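Notes to accompany the following structure.
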């Protein structure tokens, strides 16, 4: 499998605390890769270095072979890396479609073209993205009154506005009801399959991870302690000890789907 993202010996310390320590991994084209681990494991720090919000102490972040280290977040975004956050980042004073139009205008470098007809710019393209995430019928609703699950879907449409090659999703289902978590990740998995986008996501809901991840990595105290298929990670004794608590957290896939 061709790698879209390669992370090589990435490290970041805060004082004497090694938040991320010599981490290396790759994300293949069209792969849905889960990064899991206990709170404080270094997952968000890792994400912030990948997106340029934090400068690593050492290591490389390669997107299709190009080193992104040292570039600001906006430059990394323009090179094809999108991101969603634990807390949704939308404009509540705008309509659903206007939120997506703003993202498209930014991609087209027309963000500061505040013209009288700006609300008509790229509307059709924005509605197409909203249709992709099942939100087209709510295009003209105010974002401020959306249910939380719908806000998450809107954020996904915004992240897709510049046609990213790699999408970083930090706790994409945080705060959602269990049934909505599965729906959102199934939607993401469908888009990955259809568009060939690579996705790296963090997640605490093991049912979501088990049902949708192609591969799972486990981070603990800044170091990767496991990297493999769901079955391999689930059965890893060290993972059970430090994260799964020695109990059976994952259900069988068939049981999860029939629940």
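The values are calculated or read from the model by the stated rules, or taken from the named source; none is laboratory data. Quick caveat: nothing in here was measured; it's all calculated off a predicted structure. All Cβ positions, glycine included, derive from the backbone under ideal geometry; neighbour counts span all protein chains shown.
From 132, 146, 154, grab the single residue that is more than 16 Å from the chain's Cα centre (by Cα), touching a residue at least 40 places away in the same chain (Cβ under 8 Å) and under 16 Å from residue 94 (Cα atoms).
Criteria check complete, one pass: 146.
Which one is farthest from residue 53 (Cα to Cα) among residues in the stretch 161-175 that are surrounded by fewer than 21 Cβ atoms within 10 Å (Cβ to Cβ) and out of contact with any strand residue (DSSP E or B) (no Cβ under 6 Å at 6 or more places or on another chain)?
Among those that are surrounded by fewer than 21 Cβ atoms within 10 Å (Cβ to Cβ) and out of contact with any strand residue (DSSP E or B) (no Cβ under 6 Å at 6 or more places or on another chain), it is 175.
Quick check on this structure: which one of 40, 15, 28 is touching a strand residue (DSSP E or B) at 6+ places or on another chain (Cβ under 9 Å), in the same structural domain as residue 212 (by TED's automatic domain parsing) and at positive phi?
Criteria check complete, one pass: 40.
Could you list, in sequence order, the residues of the stretch 192-208 that are out of contact with any helix residue (DSSP H, G or I) (no Cβ under 7 Å at 6 or more places or on another chain) and under 25 Å from residue 49 (Cα atoms)?
192, 196, 198, 200, 201, 204, 206
Counting just the residues of the stretch 230-259 that are part of a loop (DSSP other than H, G, I, E, B) and either buried (at least 17 other Cβ atoms within 10 Å of the Cβ) or within 19 Å of the chain's Cα centre (by Cα) (or both), which one comes out modelled with the lowest pLDDT?
So, considering only residues that are part of a loop (DSSP other than H, G, I, E, B) and either buried (at least 17 other Cβ atoms within 10 Å of the Cβ) or within 19 Å of the chain's Cα centre (by Cα) (or both), the one modelled with the lowest pLDDT is 250.
Kindly provide the set of residues from the stretch 62-110 that are touching a strand residue (DSSP E or B) at 6+ places or on another chain (Cβ under 7 Å), surrounded by 14 or more Cβ atoms within 10 Å (Cβ to Cβ) and not in a loop (DSSP other than H, G, I, E, B), ordered by number.
62, 63, 81, 82, 83, 84, 95
Please work out if residue 207 is part of a helix (DSSP H, G or I), over 19 Å from residue 3 (Cβ atoms) and touching a residue at least 12 places away in the same chain (Cβ under 8 Å).
For residue 207, the condition - part of a helix (DSSP H, G or I), over 19 Å from residue 3 (Cβ atoms) and touching a residue at least 12 places away in the same chain (Cβ under 8 Å) - is met.
Being surrounded by 19 or more Cβ atoms within 10 Å (Cβ to Cβ) and either modelled with pLDDT under 85 or in a helix (DSSP H, G or I) (or both), is that true of even one residue in the stretch 213-225?
no
For the stretch 114-133: of the residues being surrounded by 15 or more Cβ atoms within 10 Å (Cβ to Cβ) and not in a helix (DSSP H, G or I), which is modelled with the highest pLDDT?
Ranking the candidates gives 133 first.
Within the stretch 47-77, which residues are modelled with pLDDT of 95 or more and within 13 Å of the chain's Cα centre (by Cα)?
50
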